[in-house]
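The values are calculated or read from the model by the stated rules, or taken from the named source; none is laboratory data. Quick caveat, the model's predicted, so the values are computed rather than measured. Methodologically, a virtual Cβ is constructed for each residue, glycine included, from the backbone with ideal geometry; neighbour enumeration extends over all protein chains shown. Note: accessible area is taken over every heavy atom of the protein model, side chains too, but ligands, DNA and RNA are not part of it. Shrake-Rupley method; radii C 1.70, N 1.55, O 1.52, S 1.80 Å.
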Amino acid sequence: MQSEQPKYRIGMTVAACLWLGLFPLLQGGTYAHITYDKWVIMLILTGVTLLCFCIDLIVRFVFRKRVRNGRDASSRSFIPLILAGALLCWTVLSCLFSEHGAETFWLGSGARYEGLASRLCYFALFACFFFSRANLKPVLISAAAGVTVFFVIVMLQRSGGNPLGLYPSGRSYAQNKEFQGTIGNVDMGTGYLLLLAGFFLYGIIGFIHRHRIRKPEAESPAQPSRPEWRVLLPKVLYCLFLSVALLLTLFLIITMDVQFGAISLAVLFLFTVLRLIPKKWRLPILLLLIIAALLVVWFWPGYGGGIWELHEILHGRTRLSFGSDRVAVWTYSLGLAKENLLLGGGSATFVARFNQYIKDHGLVIPKEQDGKALPDYFDNPHNEYIQQLTDHGLPALLLFIALLLFAIFRKREGWFPLLAPCSAAVLCYAVQAFFSFSVCLVAPMFWVLLGLSFNEQS
């Protein structure tokens with residue numbers, strides 16, 4: 001009799017637990033070089049992931065039996081893999097034809113280590129998890145444990161402590177509120193937390209849905225049934241643990257006070273609420289909400305911040321300084337992208353090309369807005385889509401967007417996406433990517449979840 005192959009890939013389940021539970025907490029003990037430390041840790045964990053993948057391949061070879069899990073493995077779509085492969089090839093081409101040498105585009109040490117080496121790691125992670133079916137339950141538990149530790153560290157910092165010695169000598173939370181937790185900058189920390197917000201929310205929803213519709217299994221007469229509380233207690237504790245982790249995650253996102261955090265959460269909860277509404281009303285209600293929001297912003301100037309800036313933009317009073325100079329860097333980056341729209345300039349070449357472009361065209365990035373000092377030096381466009389456009393060209397941008405949309409809309413009712421834990425995390429990342437950028441502090445976790453999203457159930 002031929003042995004049956006395990007339902008899940010144990011090795012890749014362990015790897016996913018490491019990425020979402022342990023990786024966010026690992027660092028070198030200081031914010032001074034946290035990006036480099038995370039980059040080194042990313043390289044090591046990528047190697048561990050490849051080892052886990054190889055172990056699972058050996059296990060599959062030993063069992064010599066295809067897993068069916070309710071559907072034939074040959075029926076799965078390989079379109080995402082084709083899109084990712086094409087994006088990888090175009091990224092490599094953009095580097096090979098770059099005016100800058102390998103000393104710039106390979107490591108990208110001058111651009112937060114976001115060079116081709118990091119990009120290859122991202123694609124390797126995506127491929128490994130795309131071909132593997134990880135058990136999401138232990139991954140969710142690991143991520144929940146990780147964010148709990150992250151929460152404790154942040155709260156100790158806010159209370160005046162310096163756990164792990166992350167703040168260099170003479171620094172503290174009171175002086176540097178933009179650095180919190182084991183991710184570093186609050187923009188990056190919010191990106192990590194947004195991934196978990198979608199992951200936890202739909203992990204809870206999926207768990208409740210599965211156990212609500214599941215019929216009780218017939219009990220064997222030869223085996224006495226366990227008391228009902230012994231069956232329910234682990235499930236209740238599991239759901240409670242995820243719920244607490246979700247609340248901690250939401251609390252941190254809100255209190256870190258990064259505007260795109262609130263925007264991303266609004267999109268996540270909007271799609272969650274719309275799922276509870278009858279299908280025929282979803283699109284009309286969504287359109288009405290969008291129109292209502294635009295009308296509110298048009299007539300109500302708010303009290304400063306993003307709402308006031310959007311109000312001013314709608315009334316044709318745009319300033320380059322809006323969005324902490326994001327409007328300026330986006331505008332100038334689009335001008336830079338036109339110089340090589342097909343291949344871009346290569347990975348991690350933005351900082352050199354952008355500053356030269358600014359100088360050659362006599363452009364100025366505002367240093368203040370209404371008396372408030374603003375950063376006037378950028379090593380990336382603070383928009384991942386524009387980052388793809390400037391670094392790797394228009395085809396790379398379109399392939400990246402297609403990959404995101406395929407993950408989000410892989411399962412849908414008409415136009416409406418039926419999100420699952422990993423695809424909900426991808427949605428949150430896709431929204432925050434309009435205001436942030438790819439960096440090894442957060443990007444590896446995104447590519448892990450992106451690969452997993454093509455194997456999960458809704």
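Summary table
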item: Sites matching trypsin sites (Lys or Arg not before Pro) across region 115-216 that sit in DSSP coil, with at most 11 neighbouring C-beta atoms within 10 Å; result: Arg214
item: Label-point separation in nm, Cys239 to Ile58, each point 7 Å along Cα→Cβ; result: 4.1
item: Calculated FRET efficiency for the pair Leu50/His100, C-beta based, R₀ 35 Å, to 0.05; result: 0.75
item: Distance-filtered residues of region 351-382 - backbone nitrogen under 18 Å, label point 7 angstrom along Glu339 Cα→Cβ; result: 351-365, 377-382
item: In region 77-115, the GluC sites (Glu not before Pro) that fall in loop regions by DSSP, at most 14 other Cβ within 10 Å; result: Glu99
item: Estimated vicinal HN-Hα couplings, Hz - region 31-40 in sequence order (Karplus 6.51, -1.76, 1.60; Gly, Pro = x); result: 6, 4, 9, 5, 5, 4, 4, 5, 5, 5
item: Residue-normalised accessible area of the chain, expressed per residue, 1.4 Å probe, Å²; result: 48
item: Computed lengthening from Leu405 to Ala86, 0.36 nm per intervening residue step minus Cα-Cα distance; result: 113.3 nm
item: Span from the region 306-384 Cα centroid across to the region 405-421 one, whole angstrom; result: 33
item: Lysine pair number, Cα distance threshold 20 Å (strictly under), the chain, separation 8 or more or different chains; result: 9
item: Relative contact order (percent, whole number), the chain, Cα cutoff 8 Å, 6+ residue spacing; result: 25
item: Kirkwood Rh and Cα Rg combined as Rg over Rh, evaluated for the chain; result: 0.98
item: Cα-projected label distance for Glu312 with Thr272, points at 7 Å along beta-carbon direction, nm; result: 3.3
item: Chain lengthening between Leu164 and Asp376 when straightened (0.36 nm per residue, less Cα-Cα); result: 73.2 nm
item: Furthest towards positive pole of dipole, Ala16, Ala420, Leu196, structure part the chain, Cβ charges; result: Ala420
item: Asn176 paired with Val231, simple spin-label distance in nm, labels 7 Å along Cα-to-beta-carbon; result: 5.4
item: Theoretical ellipticity at 222 nm over the chain - DSSP helices of four or more residues, -39500 (n - 2.57) apiece, nearest 500; result: -19500 deg cm²/dmol
item: Exposure rule at most 13 other beta-carbon atoms within 10 Å, DSSP loop chymotrypsin sites (Phe, Trp or Tyr not before Pro): the chain longest free segment; result: 79-302
